[in-house]
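Remarks on the structure that follows.
Where a number appears in this text, it was derived from the coordinates with a stated rule and is not lab data. These figures come from a predicted structure and were not determined experimentally. Using ideal geometry, Cβ is built from the backbone for each residue, glycine included, and neighbour counts are taken over all protein chains shown.
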Amino acid sequence: MTHQILVTGGAGYIGSHAVHHLIDHGYQPVVLDDFSTGRHEAIPEGTPLYEGNVGDPHLLATVFSEQNITAVMHFAGSIVVPESVTNPGKYYANNTGNTLMLLTAMAKAGVSRLVFSSTAAVYGNPDAKFIPIVEDNPTEPINPYGMSKLMSERMIADMTTAHDMSAVVLRYFNVAGADMKGRVGQSTPDATHLIKIATQVLTGQRDGMSIFGTDYDTPDGTCIRDYIHIDDLIAAHLLALDHLIKGGENLTLNCGYGHGFSVKEVITAINALGEGEINVTLADRRDGDPARLIADSSACRNRLGWTPRHDDLTTIVRSALAWEKSRQ
Ligand code: UFG
């Protein structure tokens, strides 16, 4: 039997990778997307598609009555941290409110399995003694984006308990790169992410870029992040799905490699690809950036049997650049 998997946000960066990989693994994805940031071209032809908002209960009821959904992968949401500070209502509506609508519709329709996209932003600005971060470290978000996801996690815990559902919550660290088969990549308009911006500079779409903050308490003064290749992140989703289909219990897992790179190290790795030198300006700190975020990913490895295949900064930046060049 082919399992049908509802992929909310399936036309976006991470969701579209999930759609392709689900097909690769014999699942039938069903996409729900409002195309606020997603692209039609990112979805393979023939994929069942519902165009609209995941907070629309009528649309959700239609999807669940027309399709025989085994599980939901919920990617749809808003993800720009600084925007969440200036427009928190958008984040609590699109992330927290819509997740509640989805959970409610799932409970009503008897769809019982959920893989949820959460974020390292739930940890806030962790004290150095909490690096690398384990899942039961304090969750103290420092921006509405992180809080909107943490509130969703809490709702998921309560709703799955009350309605005989199960969920795997994946807390993403810094997702980057593109599908190793070159089918999809990051096409989000007005991207704010470091590797995306740097590859846009290299391909002439931007004149230059800034390094935000050089006075952090890190070896070279710039922020350290745990960059994870998108294909490894999606592999964790497929394992999470398998876990739930086999009747596995609720899990909350970090998705990162367990080591980090500074902003300067990332730029050095991109320059070393030999495609040109990035024009950088040293700038002030960006609001809300923690100095260091590094995952302890042992739980993901141990509980799901996750083994990363692309844990290499050069591979990550090369795949991001290849995608950027393919679009020109
Ligand atoms: N940076 C620059 N210049 C840029 C862009 C980014 O110096 O032009 C720096 C940032 O200041 C930060 C680092 O590069 O120090 C990484 O920034 P990103 O914007 O790429 O990613 P963030 O760490 O801010 O956030 C990302 C996701 C969040 C998620 C978080 C978890 O956007 O959704 O990772 O680690 F919560």
P(r) for region 76-132: what percent of alpha-carbon pairs falls in each 5 Å bin, starting at zero? 4, 15, 20, 19, 14, 14, 9, 4, 1
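Which trypsin sites (Lys or Arg not before Pro) does region 293-324 hold that lie in a coil by DSSP with at most 16 other beta carbons within 10 Å?
The qualifying sites are 309.
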Once phi for every residue in region 195-212 is put through the Karplus expression 6.51 cos²θ - 1.76 cosθ + 1.60 (θ = phi - 60°), the whole-Hz ³J(HN,Hα) values, with Gly and Pro written as x, are 5, 4, 5, 4, 6, 5, 5, 4, 8, x, 7, 9, 6, x, 8, 10, 9, 8
Identify, among 261, 47, 319, the residue whose Cα sits farthest towards the positive end of the charge dipole of the chain, taking +1 on the Cβ of Lys and Arg and -1 on the Cβ of Asp and Glu, with the dipole about the Cα centre. 47
Amide H to amide H under 5 Å from residue 257: which residues, 5+ apart in sequence or cross-chain, H placed 1.01 Å off N in plane? 295
Can you tell me the dipole magnitude for region 167-310 around its Cα centre, using point charges on the Cβ only (Lys, Arg +1; Asp, Glu -1), in Debye to the nearest 20? 480
Which ³J(HN,Hα) values, rounded to whole Hz and listed in residue order, are derived for region 122-130 from phi using the Karplus coefficients 6.51, -1.76 and 1.60 in 6.51 cos²θ - 1.76 cosθ + 1.60 with θ = phi - 60°, glycine and proline given as x? 5, 7, x, 10, x, 4, 3, 5, 9
DSSP beta bridge pairing in the chain, given as percent antiparallel to the nearest 5: 5
Counting all Cα-Cα pairs in region 105-154, those more than 14 Å apart amount in percent to 56
Computed D for region 141-200, Stokes-Einstein, Kirkwood radius over alpha-carbon pairs, 4 °C, 1.567 mPa s, to the nearest µm² per second, is 89
I need to check one value: relative contact order of the chain, counting alpha carbon pairs closer than 8 Å and at least 6 residues apart, in percent. 19
Can you compute the radius of gyration and Dmax for region 217-302, using only the Cα atoms, both in Å? 17.0, 51
For the peptides 30-39, 68-77, what is the packing order when you average, over each peptide's residues, the other Cβ atoms within 10 Å and list the highest mean first? 68-77, 30-39
Candidates per trypsin sites (Lys or Arg not before Pro) in region 53-118, loop by DSSP, up to 10 other Cβ within 10 Å: none
Pop out the ³J(HN,Hα) list for region 273-290 in order, Karplus 6.51 cos²θ - 1.76 cosθ + 1.60 with θ = phi - 60°, rounded to Hz; leave Gly and Pro as x. 5, x, 9, x, 9, 7, 7, 10, 10, 7, 10, 5, 4, 8, 4, x, 8, x
With a Förster radius of 41 Å, plug the Cβ-Cβ distance of residue 275 and residue 134 into 1/(1 + (r/R0)^6) and report the FRET value to the nearest 0.05. 0.60
List every residue whose amide H lies under 5 Å from the amide H of residue 50, counting only residues 5 or more places away in sequence or on a different chain, with H placed 1.01 Å from N in the peptide plane. 31, 32, 33
log10 of Debye I(q)/I(0), alpha-carbon scatterers only, for the chain at 0.09, 0.10, 0.14 Å⁻¹: -0.44, -0.54, -1.11
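Could you size up the charge dipole of the chain around its Cα centre, putting +1 on the beta carbon of Lys and Arg and -1 on that of Asp and Glu, and report it in debye to the nearest 20?
Magnitude of the dipole: close to 300 debye.
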Taking +1 at the Cβ of each Lys and Arg and -1 at the Cβ of each Asp and Glu, which of 192, 204, 145 sits farthest along the dipole of region 134-229 towards its positive end, judged by Cα position relative to the Cα centre? 204
Can you compute the radius of gyration and Dmax for region 165-286, using only the Cα atoms, both in Å? 17.1, 51
Taking only Cα atoms and a 10 Å spring cutoff, compute GNM fluctuations for the chain and point out the largest among 46, 288, 55. 46
Cα centre as origin, Lys/Arg/Asp/Glu Cβ charges: region 243-328 dipole, Debye: 300
Once the Cα atoms of helix 57-66 and of the chain are each reduced to a long axis, what angle between those two axes, in degrees from 0 to 90 to the nearest 10, is obtained? 70
Using the Cα centre of the chain as origin and beta-carbon charges of +1 (Lys, Arg) and -1 (Asp, Glu), tell me which of 308, 23, 214 is placed farthest towards the positive end of the dipole. 23
Using the alpha carbon gyration tensor of region 93-183, what are the three equivalent-ellipsoid semi-axes (square root of 5 times each eigenvalue), largest first, in whole Å? 25, 19, 12
In whole Å, largest first, the alpha carbons of region 1-155 cover along the principal axes 48, 31, 31
Region 227-315, relative contact order [Cα under 8 Å, separation at least 6], %: 50
